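J.: Right, I'll just put the structure down here and ask away after.
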Amino acid sequence: MVNSQPTAIPAAFARKARLEREEHVESVLYQHEQDWRFIPGDGQDPRVVSEAALRREWAVEQELQAWLSEWPAADRPAADSADVLATRHRLKYFPVLFISAPHIEDGATGSFPGLPTPLLHATAVLDRMLRIDEFPGPRVPDVVATMNPPSYNPDFEADLIRCLTERRPVVVGISNLSEGHFYALRIARLVKAVLPQALVILGGQHEDAVNPQIYHRASDRVRAMVGRRANGLGLFGLTSEEEDRLAALQTLAADTDRACVDLVIAGDGQYALLEVLKIVSECQPAGATALKARLLASRDRFAALQGTGDLHLFDPETGRVEGFPFSGLPIDGDTLPFIDVTRLSHENRFSVFGNRNTAQILACLGCKYACEFCHESADAFLYGQPKIRQRSPEHVVKEIELRQEQGFEAVFFDDSTFTQNPRWLTGFLDLLEKRDPDTGIEWGCQTTINDIDETMLHRMAANGCSYIYFGLESAAPQETSVQKVQQLRMLTGATDWADRLRQVAHWCREAGVRIGTSLQFGLGETWEERVQTMDLVAELHKDGCIPEGCVSLNINSPYPGTRQWLRMLKSGGPMPDYRSRLVRHQAFETAHQYSKITGKEVADLYLLAAERLGKAIHVEG
């Protein structure tokens, strides 16, 4: 362990450390991130070495000199030798591996892999500290890889085993969606088979959505409400029996989970992950058992963290899954570093941008709608967050500039409803118009046909927007399931969902903006209504509004954290367990194990889509 006793740091060593930091920043950081320390635009100089970092470096130097003193003088290696450099690295760092669990195997053609943005957002604060060498601990995480395989296959398994065997990470963090939960657990079992004492952490949307403490707190809030608001949010008010049924679906609830997963982070993970790694840093060298004991003794540290959510781990003494809640203080998106995309194992090339290397940017969390099948609006209430959490236009433009410097040729905005705030969009476009025309970049987004108008479209196109993805769902969606349909008349004056799509699609064509769309089946529509939906999309494809490969096929499934899932819970029927391997048709973007559409009907639906839509169907995988 590093000597914790304070000692005077020689002036010569301090000068050397500061010079090395300046050289590090100059060589490692891009120009557009050299003018901020932790938060873009904070005005602080990343070249400045903190006292804590200086003490850490001096402690490592003392350990190194102690190691060298054990060598006979005649055999002592030179300061720049491979042995000394390797030992210095071992004394300063501990290896960490991050993995974004895939949700498909080879052969799936209807899926968008994309960047592992949930994982990258979770590691953003840590990554920034590592990039400027300011991690606040006696040992520093060395992220040996960030694996983002597009699918689960033997090649990925071989790469993972090789990485585990050669790099021997002390911590392995895995991010997953519900559709990838089966593969996340499979990865965790593989990690434990190779490295039993590695600390395995799971996080991501699935863990957010099966967090029993969040449902309990939401239920308490509902019970304290009266009037219309209580009626509107009554779905979130669960009985103790319903809460117990949900708790059985939590990761760590089953013995098989606890055999391969040590910690679960649910909710805002940026500061929680950092705190876990600080504790790991303080305990090195130590295995998973000792680390969990230290974490159990440190729950107060998590109560002070920014963000809403919980850290979960199983306590063998009590025989219970213990939850450590965070402070609940909301995190302002403008006070977070940009995600670090420099360690990814696969480039992100979007066919809609001519297979250019594409950055994904999240300008806003949340959606103003509350569709039954979407977790995003439910998340806001469950985690006690504002319904819409918007970064400033200036902050987003700064990130675009950094991505361009890093060599990205296009940007896709991951916001579920990018144009839902017209005032924000106006400010964003104002900033793009002020930029040098030679620095323009092609970009796309996703939104609804409610939240777009002709004037806005032409202005977006003039400032680089070439593609918009609309969640159509159906030619005539049921308003009870697709809540955005209820807002159609109020927002646009239109009364027919299909006619509104035709209108918006032709506006896009005139503005030079290509469109993609998602269709969702299994929301209670008839076979005839499915035919109508496909004929509508085929018509727009024939008219040149929807290009080839821009229609994704989805089967509605009750995902954890959605209102649809809560209704299933309240019905008293069996709940989907996403530990299971999902059944999927390879041409659909989503699996159908828990859908109302199963078996031969799925195959028949695809044959209908292939016949009616042809090359318009998305086949990238």
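The values are calculated or read from the model by the stated rules, or taken from the named source; none is laboratory data. Because the structure is predicted, anything quoted here is derived from the model rather than measured. A quick note on method: Cβ atoms are made from the backbone with ideal geometry, for glycine too, and the neighbour counts reach across all protein chains shown. Note: areas computed on protein heavy atoms with side chains; ligands, DNA, RNA excluded. Shrake-Rupley method; radii C 1.70, N 1.55, O 1.52, S 1.80 Å.
J.: Could you name the lysines in cross-link range of K484, using Cα to Cα under 23 Å and dropping any fewer than eight places away on the same chain?
T.: K368, K387, K596
J.: Keeping the other protein chains in place, figure out the carbon and sulfur percent of the accessible area of the stretch 192-264, with a 1.4 Å probe.
T.: Ligands and nucleic acids excluded, carbon and sulfur reach 54 percent.
J.: Which value, in Å² and to the nearest 10, is the accessible area of T318 when all protein chains are kept and the probe is 1.4 Å?
T.: Only protein atoms counted, so the area is about 60 Å².
J.: Quick one: putting +1 on the C-beta of Lys and Arg, -1 on the C-beta of Asp and Glu, what dipole do you get for the stretch 519-621 around its Cα centre, in Debye to the nearest 20?
T.: 620
J.: In what order, largest first, do H346, H312 sit by accessible area if the probe radius is 1.4 Å?
T.: H346, H312
J.: Next up: Given labels modelled 7 Å from the Cα in the Cβ direction, how far is it in nm from R579 to A193?
T.: 1.8
J.: Right, something else. Specify the inter-centroid distance of the stretch 597-617 and the stretch 105-182, based on alpha-carbon positions, in whole Å.
T.: So the two Cα centres are separated by 34 Å.
J.: I've got another one for you. What full-extension length gain, to one decimal in nm, is calculated for D300 and A14 as 0.36 nm per residue of separation minus the Cα-Cα distance?
T.: 99.5 nm
J.: How large is the charge dipole for the stretch 363-493, taken about the Cα centre, if only the Cβ atoms of Lys, Arg (+1) and Asp, Glu (-1) carry charge, to the nearest 20 debye?
T.: Numbers: 12 positive and 20 negative charges, 93 e Å.
Rounded to the nearest 20 debye, it is 440 debye.
J.: Okay, moving on. Starting from the residue with the highest accessible area, list E539, E20 in decreasing order, probe 1.4 Å.
T.: Order by accessible area, largest first: E20, E539.
J.: For a quick check of your reading of the filter: which trypsin sites (Lys or Arg not before Pro) in the stretch 314-395 sit in a DSSP loop and have no more than 10 other Cβ atoms within 10 Å?
T.: none
J.: Continuing with this model, one more query. Select from Q360, Q306, A230 the residue farthest towards the positive end of the dipole of the chain; place +1 on Cβ of Lys and Arg, -1 on Cβ of Asp and Glu, and compute about the Cα centre.
T.: A230
J.: Something else now. Given labels modelled 7 Å from the Cα in the Cβ direction, how far is it in nm from D315 to A224?
T.: Distance between label points: 2.5 nm.
J.: So, one more: Sorted by packing (mean other beta-carbon atoms within 10 Å per residue), highest first, where do 80-86, 527-533, 208-214, 409-415 land?
T.: In decreasing order of mean packing, 80-86, 527-533, 208-214, 409-415 become 208-214, 409-415, 527-533, 80-86.
J.: With contacts defined as alpha carbon pairs under 8 Å and 6 or more residues apart, what's the relative contact order of the chain in percent? Please report the intermediate quantities before stating the final value.
T.: Numbers: 1085 pairs, mean separation 84.4, N = 621.
The value is 14 percent.
J.: Taking the alpha-carbon distance from K16 and a cut-off under 28 Å, which lysines remain once sequence neighbours fewer than 8 residues away in the same chain are dropped?
T.: Of all the lysines, those that pass the test against K16 - Cα under 28 Å, at least 8 places apart if same chain - are K92, K278.
J.: Quote the relative contact order of the stretch 158-246 in percent (integer), defining contacts as alpha-carbon pairs under 8 Å separated by 6+ residues.
T.: 26
J.: For the chain, report the accessible area per residue in Å² (1.4 Å probe, heavy atoms, rounded to an integer).
T.: For the chain, the solvent-accessible area averages 42 Å² per residue.
J.: Then there's this: Which number do you get for Rg(Cα) / (2.2 N^0.38 Å) in the stretch 225-363?
T.: In units of the 2.2 N^0.38 Å rule of thumb, it is 1.36.
J.: In terms of Cα to Cα distance under 27 Å, which lysines are near enough to K600, apart from those fewer than 8 places away along the same chain?
T.: K615
J.: So for the chain, taking the charge dipole from beta-carbon charges (+1 Lys/Arg, -1 Asp/Glu), which of P10, G267, L491 sits furthest toward the positive end?
T.: So the residue furthest toward the plus end is G267.
J.: So if R0 is 35 Å, what FRET efficiency would L491 and A248 give, r being the distance between their Cβ atoms, rounded to the nearest 0.05?
T.: Result of the calculation: an efficiency of 0.30.
J.: Ignoring ligands and nucleic acids, what accessible area does H506 show with a 1.4 Å probe (Å², nearest 10)?
T.: Here the accessible area works out near 40 Å².
J.: Would you work out which of A78, F408, A370 lies farthest towards the positive end of the dipole of the chain? Charges go on Cβ: Lys and Arg +1, Asp and Glu -1.
T.: A370
J.: Given the Cα atoms of the stretch 77-165, and with Rh set as the inverse mean 1/r over their pairs in the Kirkwood sense, what is Rg to Rh to two decimals?
T.: Working: Rg = 17.0 Å, Rh = 15.6 Å.
Computed over Cα atoms, the ratio is 1.09.
J.: Placing unit charges on C-beta atoms (Lys and Arg positive, Asp and Glu negative, everything else neutral), compute the dipole magnitude of the stretch 324-433 about its Cα centre in debye, rounded to 20. Provide the component values of the computation, followed by the final result.
T.: Numbers: 10 positive and 16 negative charges, 34 e Å.
The dipole of the stretch 324-433 has a size of about 160 debye.
J.: Using alpha-carbon pairs under 8 Å, 6+ residues apart, how would you state the relative contact order of the stretch 314-419 in percent?
T.: Reported as a whole number, the value is 32 percent.
J.: Report the calculated FRET efficiency for A86 and E157 (r = Cβ-Cβ distance, R0 = 30 Å), to the nearest 0.05.
T.: Working: r = 29 Å, r/R0 = 0.96.
Efficiency at R0 = 30 Å is approximately 0.55.
J.: Based on the Cβ-Cβ distance of L54 and S345, what FRET efficiency does E = 1/(1 + (r/R0)^6) give at R0 = 30 Å, to the nearest 0.05? List each step's numbers first, then the result.
T.: Numbers: r = 34 Å, r/R0 = 1.13.
After rounding to 0.05, the efficiency reads 0.30.
J.: Give the accessible area for Y271 in Å² (nearest 10); use a 1.4 Å probe, count only protein heavy atoms, and leave out ligands, DNA and RNA.
T.: Accessible surface of Y271 is approximately 40 Å².
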